[in-house]
1. Please work out which one of (1) at positive phi; (2) touching a helix residue (DSSP H, G or I) at 6+ places or on another chain (Cβ under 9 Å); (3) outside the structural domain of residue 241 (by TED's automatic domain parsing) is the condition residue 162 fails and give its number.
2. What is the residue count in region 281-295 for residues that are within 18 Å of the chain's Cα centre (by Cα) and either without any contact (Cβ under 8 Å) to a residue 60 or more places away in the chain or assigned to a loop (DSSP other than H, G, I, E, B) (or both)?
3. What single numbered condition from (1) outside any helix (DSSP H, G or I); (2) buried (at least 24 other Cβ atoms within 10 Å of the Cβ); (3) touching an Asp or Glu at 6+ places or on another chain (Cβ under 9 Å) fails to hold for residue 244?
4. Among the residues of region 48-70, write down those that are touching a residue at least 40 places away in the same chain (Cβ under 8 Å) and either surrounded by 18 or more Cβ atoms within 10 Å (Cβ to Cβ) or part of a helix (DSSP H, G or I) (or both).
5. For residue 161, are the conditions met, namely being under 29 Å from residue 206 (Cβ atoms), modelled with pLDDT of 95 or more and not polar (S, T, N, Q)?
6. Return the total of residues in region 165-176 being among the hydrophobic types (A, V, I, L, M, F, W, C) and either out of contact with any helix residue (DSSP H, G or I) (no Cβ under 9 Å at 6 or more places or on another chain) or more than 24 Å from residue 97 (Cβ to Cβ) (or both).
7. Could you tell me which residue of region 145-171 is nearest to the chain's Cα centre (by Cα), considering only residues that are buried (at least 17 other Cβ atoms within 10 Å of the Cβ) and closer than 23 Å to residue 71 by Cα?
8. Can you name every residue in region 85-104 that is touching an Asp or Glu at 6+ places or on another chain (Cβ under 8 Å) and crowded, with 19+ Cβ neighbours inside 10 Å?
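The values are calculated or read from the model by the stated rules, or taken from the named source; none is laboratory data. Values in this document were obtained by computation on a predicted structure and should not be read as measured data. When we count neighbours, we look across all protein chains shown, and the Cβ atoms used for this are built from the backbone with ideal geometry, even at glycine.
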Amino acid sequence: MSAPILGILGGGQLGRMLALAAHPLGVRVRVWDPDPRCSASCAAEIFARPLDAVHTAEFADGLTACTYEFEHIPHAVVEALAAAGVPLRPTEPAFAAKHDRLREKDLLSSLGISTSPYAAVDDLVQLRGAADRLGVPLVLKSRRGGYDGKGQAVVRDVAGLVAGFDKAGGRDVLAEAFIPFTRELSLVATRGIDGSFAAFPLVVNVHRDGILRLTTAPTPSAPQAEAEAIMRRLMEPLGYVGTLAIEFFDIDGQLMVNEFAPRVHNSGHWTIEGAETSQFANHVRAVCGLPLGSTAMRGHVAMLNYLGREVEHAAILTVPGAQLHTYAKAERPRRKLGHITVRCDNAAARDGLVARLDPLTPWA
């Protein structure tokens, strides 16, 4: 029996970690990324061509299945993969909703999933109408593109509306009511081809400058059952296959969905060391039609992202229990260059190690 060959669209750090997780499962990986020296090149065959329909048949040759590490895939590529007989997992409806934040909000609302009140804003007249209807403070986001705080603005008063609108792109903007939440939680789960379901424990996320800085698990007083019910309500109508993450606002014990990501997610990186099966391994298992693995935790875990500058490797590795994951990327301001996980037997020891790691992890 020949080994499955998994295609991955995108060779960034998520593609890298998916490829690394595939190897122990006996799954070969072919990554489509125009850069032959992309982050995933350490662990996969790189198909270094422009991401367009012209090259799809060549990329698809011999693939068992295809998945992706980012949502903004040209529709022509999706159609060409289907014509080549290669299943794309998750399927198009899942990532199509992420092409436009308005479509994402509409999907959540249509499924009866609680999300912040919102409005589409295309000009200053609609902006003022949204502010009147939703109130101020107001969150403005570019409907297309944008991540890690890019293309977003929190407007604190009416005088800042125009500047916030410009920061969010000046057109095709989504306005959201500002939600004063207690904490931000996220749930990462995987659904198999056969409908099997495996969820990781809810985690607490702490952001800095709009970018995820710290994730900790397990979560005290976690509404796990409610979060899993919402996850299933989103996955099942989409016929979802693979790993998906939902970011929640916890408002005094009530969950509201902020947004979702139809792929492996930064808030699930802790699972590499902190769970029996990582989010990456379960995603590979799901999209290749293999049984899902256990999501049971291994102790108390934290994950720290670092940005802009590479860490001093030796300094990190002197911290007990610290595991360093570098992404082999060039240094650049506000660019994620890696993450560090720590795993302990109790929360106090974990938090103490985070305090030691914090000054060692750049945020530039």
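1. Result: residue 162 passes all but (1).
2. 1
3. Condition not satisfied by residue 244: (3).
4. As a first pass, look at region 48-70 and keep what is touching a residue at least 40 places away in the same chain (Cβ under 8 Å): 51, 59-60, 62-70.
Correct list: 51, 59, 60, 63, 65, 66, 67, 68, 69.
5. No; evaluated as a whole, the condition is false for this residue.
6. Within region 165-176, residues that are among the hydrophobic types (A, V, I, L, M, F, W, C) and either out of contact with any helix residue (DSSP H, G or I) (no Cβ under 9 Å at 6 or more places or on another chain) or more than 24 Å from residue 97 (Cβ to Cβ) (or both) number 1.
7. For region 145-171, the residue satisfying everything is 148.
8. Passing the criteria: 95, 97, 98, 101, 104.
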